[in-house]
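The values are calculated or read from the model by the stated rules, or taken from the named source; none is laboratory data. Note that this is a predicted model, so its numbers are computed, not measured. All Cβ positions, even for glycine, are placed from backbone atoms using ideal geometry, and neighbour counts span all protein chains on display. We work out accessible area using only protein heavy atoms, side chains counted, and drop any ligands, DNA or RNA first. Shrake-Rupley method; radii C 1.70, N 1.55, O 1.52, S 1.80 Å.
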Amino acid sequence: SDTLDEVGIALHAATRERVRRDRPRDAVAAARGMDAVEHARELAAGNVNPQLVAARLLRDLAEAAR
């Protein structure tokens, strides 16, 4: 979906920026977020309810930010 694409692009940019600023811990968190978006794409492609995909993605992104 377009929304997942945009979130993925933003997280990719955030990862690059954090690496550039020598903030490896933050870069790893952003990269984990990219993994969560990819998993959400797989769920969405598998005809899973969009609300469940969004709920799972939000939970996964919150965990990645820790």
*What number of residues within the range 1-22 are open to solvent by 100 Å² or more (accessible area, probe 1.4 Å), on the phi < 0 side of the Ramachandran plot and either outside any helix (DSSP H, G or I) or at pLDDT 90 or above (or both)?*
5
_Inter-residue pairs, beta-carbon under 6 Å, first at negative phi and in the range 53-66, second open to solvent by 90 Å² or more (accessible area, probe 1.4 Å) and at pLDDT 90 or above, 6+ apart_ = Ala64/Arg32
*Please specify each residue of the range 23-48 satisfying the condition of being surrounded by 13 or more Cβ atoms within 10 Å (Cβ to Cβ), closer than 15 Å to Glu63 by Cα and either in contact with a strand residue (DSSP E or B) (Cβ under 6 Å, 6 or more places away or on another chain) or of a type in the set (Lys, Arg) (or both).*
Arg32
_Pair list, Cβ < 7 Å and 6+ apart or interchain, from the range 24-52 residues that are under 14 Å from Val7 (Cβ atoms) and free of Cβ contacts under 8 Å to residues at least 24 places away in the same chain to residues that are open to solvent by less than 40 Å² (accessible area, probe 1.4 Å) and among the charged types (D, E, K, R)_ = His39/Asp60
_Against the condition assigned to a loop (DSSP other than H, G, I, E, B) and either in contact with an Asp or Glu (Cβ under 7 Å, 6 or more places away or on another chain) or open to solvent by 50 Å² or more (accessible area, probe 1.4 Å) (or both), how does Arg66 come out, does it pass?_
yes
